[in-house]
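Take a look at the structure set out below.
The values are calculated or read from the model by the stated rules, or taken from the named source; none is laboratory data. Model, not experiment: these values are computed from the prediction. For neighbour counting, all protein chains shown are included, and Cβ atoms are generated from backbone atoms with ideal geometry for every residue, glycine included.
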Amino acid sequence: MKETQIYDYIIVGAGAAGLMLANAMALDPFFSNQRILILDKDPKEANDRTWCFWEKTPGPLEALISREWSLIGVSENDQLTPSPILPYKYKMLEGAHFYEAMKKGLAHSPNCHFVLEEVTDVSPVSAAAAAATKAAGILKDGYTKVNTSRGTYLAPRVFNSIFDYKPLLAQDRYPVLQQHFVGWFVSTQNPIFNPEMATFMDFTVAQKGNTRFMYVLPTSATTALVEYTLFSKDRLKKEAYEAAIVTYLAQNNAGDYEINDTEAGSIPMTCYPFEQFNSPHLLHIGTAGGWSKPSTGFTFSNTQKQVPKLVAHLKKGKALDQFPSKDRFWWYDHILLEVLATDNSRGKAIFEGLFKRRSAPLILKFLSQETHFFEELYIMSAANKWRFTKAFFRVLGRTFN
Ligand SMILES: Cc1cc2nc3c(=O)[nH]c(=O)nc-3n(C[C@H](O)[C@H](O)[C@H](O)COP(=O)(O)OP(=O)(O)OC[C@H]3O[C@@H](n4cnc5c(N)ncnc54)[C@H](O)[C@@H]3O)c2cc1C
């Protein structure tokens with residue numbers, strides 16, 4: 001066992017949120033005299049996920065983008081309809097490229113230490129307890145203790161990105177759905193993909209009482225990531241996702257095909273108040289901090305937005321639990337989730353109807369939470385008013401009870 005070590009900042013988890021935060025701090029001279037520890041149980045070398053997001057202009061990760069599209073496809077009346085998304089582009093970033101670039105950035109910062117250890121416990125220690133134990137003499141204002149398989153680390157500011165489904169599932173106050181999926185990277189015999197269009201939501205697959213769609217990211221006419229995706233409460237058996245992909249490829253006349261790689265995941269879709277686990281010395285970040293968009297599961301670009309805000313927050317010396325967590329979009333997400341949780345088969349009609357009645361760029365702007373209030377009213381007026389009004393009052397009642 002190593003002796004207890006003290007840092008100024010500890011980042012638990014070197015995934016999307018942890019690495020983005022570590023890099024932002026490493027690049028900012030404000031933190032150059034601060035000791036920053038990044039802990040992960042995984043060396044982050046595998047290409048374990050493909051991230052997609054949209055943006056208008058080349059962003060800070062532009063050099064890592066492996067593919068981009070100016071058209072997205074959403075089904076309408078059982079046909080896939082391409083929609084231009086200018087001024088946006090839908091961009092693809094491979095996990096392995098991101099991890100490599102971020103770790104390379106950290107390697108140039110002598111104050112940042114990446115340590116490969118499994119974290120077993122993250123627990124805030126109050127100022128009173130800290131004073132009582134006089135932890136190392138310098139942590140008198142409270143700190144958070146991080147235990148790992150090999151030792152103990154303390155810091156007055158700890159960021160935790162380890163996500164745990166258990167507290168979400170142990171309550172019924174907030175609806176909890178998952179965006180769950182299995183994807184195959186395939187090479188097909190026949191040229192069935194439109195390489196200019198990313199298929200966002202193809203609802204031509206059987207709905208079976210849920211919100212089920214195919215998400216397709218083509219890299220050529222014969223190669224694509226084909227992902228069978230659900231917005232629903234419970235995951236399926238692996239074979240069920242795979243069978244749906246097999247059927248989809250056959251229906252689209254793929255011919256023979258090879259599976260070159262696979263990915264799978266489950267992203268929480270919920271307005272659950274993750275911030276209740278924060279303290280002045282501990283902030284949950286990434287999916288664990290509620291940074292996944294509840295109504296879609298998109299997390300990556302929100303993390304890109306949250307990180308600079310968090311760095312600014314740190315530079316002002318504010319307590320971590322004062323980092324803002326909710327805005328009016330929380331209400332919109334909550335209402336949509338309430339509708340989908342009450343009748344999970346409604347997703348196809350809601351999303352197809354939205355893309356039919358409103359322009360794709362405006363919808364993307366709304367999902368990025370960059371719309372003005374009147375644009376939001378215009379978008380929401382495309383939905384079934386009676387169903388959404390009932391859901392609104394249920395959410396209102398639950399929130400203030
Ligand atoms: C396959 C897949 C595809 C996705 N695609 C998209 C997409 O296209 N667009 C989008 O916006 N979002 C997408 N997401 C959702 C989201 O962007 C990702 O899940 C993202 O990685 C979340 O970032 P994070 O930092 O919160 O969590 P993670 O990136 O999962 O990072 C958490 C880190 O904590 C580490 N860890 C966990 N437990 C421990 C422990 N006990 N000790 C030490 N370390 C630990 C893990 O190894 C991991 O590195 C996808 C998710 C998955 C799974």
Given the conditions (1) out of contact with any Phe, Trp or Tyr (no Cβ under 8 Å at 6 or more places or on another chain); (2) more than 24 Å from V74 (Cα to Cα); (3) modelled with pLDDT under 95, which single one is not true for K316? (3)
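Quick grid of which residues meet (1) within 15 Å of the ligand (Cβ to nearest atom); (2) at pLDDT 95 or above; (3) among the acidic types (D, E); (4) within 29 Å of L340 (Cα to Cα):
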residue	(1), (2), (3), (4)
Q171	no, no, no, yes
Q178	yes, yes, no, yes
V186	no, yes, no, no
N194	no, yes, no, no
R212	no, yes, no, yes
L225	yes, yes, no, yes
A243	no, yes, no, yes
Y248	no, yes, no, yes
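Table: residues versus (1) closer than 30 Å to E55 by Cβ; (2) in contact with an Asp or Glu (Cβ under 6 Å, 6 or more places away or on another chain); (3) within 9 Å of the ligand (Cβ to nearest atom).
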site: L93; (1), (2), (3): yes, no, yes
site: F114; (1), (2), (3): yes, no, no
site: V119; (1), (2), (3): no, no, yes
site: A127; (1), (2), (3): no, yes, no
site: A131; (1), (2), (3): no, no, no
Residues in region 299-317: is at least one within 16 Å of the ligand (Cβ to nearest atom), outside the structural domain of R394 (by TED's automatic domain parsing), part of a loop (DSSP other than H, G, I, E, B) and touching a residue at least 24 places away in the same chain (Cβ under 8 Å)? yes
A46 is checked against (1) in contact with a helix residue (DSSP H, G or I) (Cβ under 7 Å, 6 or more places away or on another chain); (2) within 15 Å of the ligand (Cβ to nearest atom); (3) in a helix (DSSP H, G or I); (4) not basic (K, R) and fails just one. What number does that condition carry? (3)
Scope region 49-88; condition in a strand (DSSP E or B), touching a strand residue (DSSP E or B) at 6+ places or on another chain (Cβ under 8 Å), more than 22 Å from T303 (Cα to Cα) and not hydrophobic (A, V, I, L, M, F, W, C); matching residues: G73, S75, T81, P82, S83, P84
Could you please give the count of residues in region 65-91 that are more than 17 Å from K365 (Cβ to Cβ) and either hydroxyl-bearing (S, T, Y) or assigned by TED's automatic domain parsing to the domain that holds M201 (or both)? 3
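I need the full set of residues from region 279-298 which are within 16 Å of the ligand (Cβ to nearest atom) and out of contact with any Ser or Thr (no Cβ under 8 Å at 6 or more places or on another chain), in order please.
Within region 279-298, the first condition is being within 16 Å of the ligand (Cβ to nearest atom), and the residues that meet it are 282-298.
Within region 279-298, L283, S295, T296, G297 qualify.
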Counted residues, region 49-67 - those being more than 10 Å from the ligand (Cβ to nearest atom) and closer than 20 Å to G105 by Cα: 9
Lone unmet requirement of (1) closer than 17 Å to H284 by Cα; (2) among the β-branched types (V, I, T); (3) more than 11 Å from the ligand (Cβ to nearest atom) for I38: (3)
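Residues are listed down the side, and each one gets a yes or a no for (1) of a type in the set (D, E); (2) surrounded by fewer than 18 Cβ atoms within 10 Å (Cβ to Cβ):
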{"site": "F31", "(1), (2)": "no, no"}
{"site": "Q34", "(1), (2)": "no, yes"}
{"site": "K41", "(1), (2)": "no, yes"}
{"site": "F53", "(1), (2)": "no, no"}
{"site": "G59", "(1), (2)": "no, yes"}
{"site": "E62", "(1), (2)": "yes, yes"}
{"site": "S66", "(1), (2)": "no, yes"}
{"site": "W69", "(1), (2)": "no, no"}
Kindly check whether there is at least one residue in region 74-85 that is acidic (D, E) and farther than 30 Å from A26 by Cα. yes
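Pick out, from region 91-191, the strands (runs of 3 or more DSSP E) lying fully within it that include 3 or more residues that are exposed (fewer than 13 other Cβ atoms within 10 Å of the Cβ). It would help to see each step written out before you state the result.
On the way: elements: 112-116, 119-125, 143-148, 152-155, 157-160, 176-188.
Answer list for region 91-191: 119-125.
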Index of the failed condition, I11 passing every other in (1) within 13 Å of the ligand (Cβ to nearest atom); (2) assigned to a loop (DSSP other than H, G, I, E, B): (2)
